[in-house]
Amino acid sequence: MALNVREAVSERHARALALAGLLTFLAVWCVLSYADIVPSEDNSARGLLEEWEAATEGEKGLRVLALRSAIAKQVLSIGLARIGHHVEAVVAYRTIGVPVAAKVIDDVRAGNVHAVLITSGSVAEQVQQQLGPIPESILVAAIGPQTQRDAAQIGLRVDVIARERSAESLIDALVEAATARA
């Protein structure tokens, strides 16, 4: 059975795929030019895995190419293999930090920045390495509970966690926290 299922971990990834016109194999004979399936609640590999069965109509034994970051946990590929699919896990990209300008570091250390937004574990790692420790006067907001846990593991304080894993929810949580502080 040739599936016509296009998937992405989040709406942001889906838009990026569509804008780039990127063609990538993610599931058996599935070409991605935009995402048809985006996890409804948990925009992560775990969320994608939870919705996989419905998206593939329960089909078993599919050959799946699972693309991931070099630092990502293999949640999707291991989960798909456990439910009976043949998975080839491939590192598709590597996340590398870009040095922050000295002016930014100085502004953060002086408390001239009001908030730092953390959108992933790898961002948390770079913030901690390049800017940490973050002064208590600066609000640190995480896009979700997993990002907060990742930040905590590396010693980065998080003051606020978005209710949903979206940019809009992150901004809402930040505004709410900043208003409460004022």
Listed with the fewest Cβ neighbours within 10 Å leading, Asp159, Asp172 appear as Asp172, Asp159
Cβ density ranking, 10 Å radius, fewest first, applied to Glu57, Glu51, Glu125, Glu176 yields Glu57, Glu176, Glu51, Glu125
Listed with the fewest Cβ neighbours within 10 Å leading, Val104, Val158, Val91, Val98 appear as Val98, Val91, Val104, Val158
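Values quoted throughout were computed directly from the atomic coordinates according to the rules given, and no laboratory measurement underlies them. Not measured: the values here are computed from a predicted model. Heads up, the Cβs are rebuilt from the backbone with ideal geometry, glycines too, and the neighbour counts pull from every protein chain shown.
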